[in-house]
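A.B. asks: One structure coming up, written as structure tokens, with questions to follow.
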Amino acid sequence: MLCVEICHSGGRYPQLVQEYLESQGGEVTVHRLPERLPLVVDNPRDFLPDDVGQAAVIIAINLHQSLLLELPHIASSPTQQALIAPIEDAGWIKPGLRRQVAEACRQRGIECAFPRPFCNITPNTDIIKQFCQQYQIGKPQFALKLQGNQISAAEYIQGAPCGLTCWLTERLVGERADEQLIQKAMQLHHARPCLASMADAPQLGDTIKHVAVELTRYATREALREAVE
């Protein structure tokens, strides 16, 4: 199992990601970094712990731009590494910063991904593929078994790293196997709830939360269509 570091500036979302990864058997190290810093930080390493950047996978959640840009330069694992910086809010990482971080990663031979939202990640490099497979992370997917017109069992395959998909899947058992199941999944998606932003994301032409909702809706329709007795 790949070891993981979570670098974040606070909030409920990083805690949910940590809880999910640990529930999957992962070794997770968490670094709480400063939230309020000047717009320009001359020496970002002064605000980073000495032991940061050693895990195979570094997840950077809502970091100050100077700290995020510094992470590729201090990554120090002896093996191949990956940096995942999810965008749950369009304000977390602007396009220019994303390009800078991606270039810094390229120069250091570090894989990188900037999924919007995290559950929309499409793994296309080796370490990130391995990470997603081991921790069952990716576009929501689950399988359903039927007994008559009811869901008798639901198997989680992969989904949101905040744990929402796994939580939702468990609560579909006993529901009717018809269009009402879609509505039930939507209710559960809002009940937990999804923490992605409802603010407009210009590059998406939509809100990031709406993307997450549609991923869950699609997964439920597909699972219902492919459900087996």
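A.B. asks: Filter region 175-229 down to the residues that are part of a helix (DSSP H, G or I), under 18 Å from the mean Cα position of the chain (by Cα) and basic (K, R), then identify the one that is farthest from V17 (Cα to Cα).
C.D. replies: By that ranking, first place goes to R217.
A.B. asks: Here is a list: L63, L39, L21. Which entry is crowded, with 19+ Cβ neighbours inside 10 Å, part of a loop (DSSP other than H, G, I, E, B) and not assigned by TED's automatic domain parsing to the domain that holds R192?
C.D. replies: None of the others qualify; the one that does is L63.
A.B. asks: Take region 152-174 and flag every residue that is within 16 Å of the chain's Cα centre (by Cα) and farther than 12 Å from F142 by Cα.
C.D. replies: P161, C162, G163, L164
A.B. asks: Pick out the one residue from E88, E103 that is of a type in the set (D, E) and within 16 Å of the chain's Cα centre (by Cα).
C.D. replies: Testing whether each residue is of a type in the set (D, E) and within 16 Å of the chain's Cα centre (by Cα) leaves just E88.
A.B. asks: Of (1) assigned to a loop (DSSP other than H, G, I, E, B); (2) exposed (fewer than 13 other Cβ atoms within 10 Å of the Cβ), Q107 satisfies all except one. Which?
C.D. replies: Of the numbered conditions (1) assigned to a loop (DSSP other than H, G, I, E, B); (2) exposed (fewer than 13 other Cβ atoms within 10 Å of the Cβ), the odd one out for Q107 is (1).
A.B. asks: With region 110-165 as the region, which strands (runs of 3 or more DSSP E) entirely inside it contain at least 2 residues that are out of contact with any Pro (no Cβ under 8 Å at 6 or more places or on another chain) and among the small types (G, A, S)?
C.D. replies: Correct list: 150-158.
A.B. asks: Please work out which residue is nearest to C132 (Cα to Cα), limiting yourself to region 72-90 and to residues that are modelled with pLDDT under 95 and of a type in the set (A, V, I, L, M).
C.D. replies: Among residues in region 72-90 that are modelled with pLDDT under 95 and of a type in the set (A, V, I, L, M), the one nearest to C132 (Cα to Cα) is A75.
A.B. asks: Separate question: Based on what the data block shows, is I151 under 18 Å from I87 (Cα atoms) and not hydroxyl-bearing (S, T, Y)?
C.D. replies: Here the answer is no, as I151 does not meet what is asked.
A.B. asks: Report every pair of residues separated by at least 6 positions or lying on different chains whose Cβ atoms are under 6 Å apart, first residue within region 28-40 and without any contact (Cβ under 8 Å) to a residue 40 or more places away in the chain, second among the hydrophobic types (A, V, I, L, M, F, W, C) and assigned to a strand (DSSP E or B).
C.D. replies: So the pair list comes out as V28/V4; V30/I6; H31/C7; L33/C7.
A.B. asks: Here's a follow-up. Could you grab me the full set of residues in region 77-104 that are part of a loop (DSSP other than H, G, I, E, B) and not hydrophobic (A, V, I, L, M, F, W, C)?
C.D. replies: S77, P78, T79, Q80, Q81, P86, E88, D89, G91, K94
A.B. asks: Could you grab me the full set of residues in region 176-210 that are in contact with a strand residue (DSSP E or B) (Cβ under 8 Å, 6 or more places away or on another chain) and either in contact (Cβ under 8 Å) with a residue 40 or more places away in the chain or buried (at least 17 other Cβ atoms within 10 Å of the Cβ) (or both)?
C.D. replies: A177, L181, A196, S197, A199, D200, A201, T207, I208
The values are calculated or read from the model by the stated rules, or taken from the named source; none is laboratory data. Keep in mind that what you see is a predicted model, and the values were worked out from it rather than measured. No Cβ is skipped: glycine too gets one built from the backbone with ideal geometry, and neighbour counts run over all protein chains shown.
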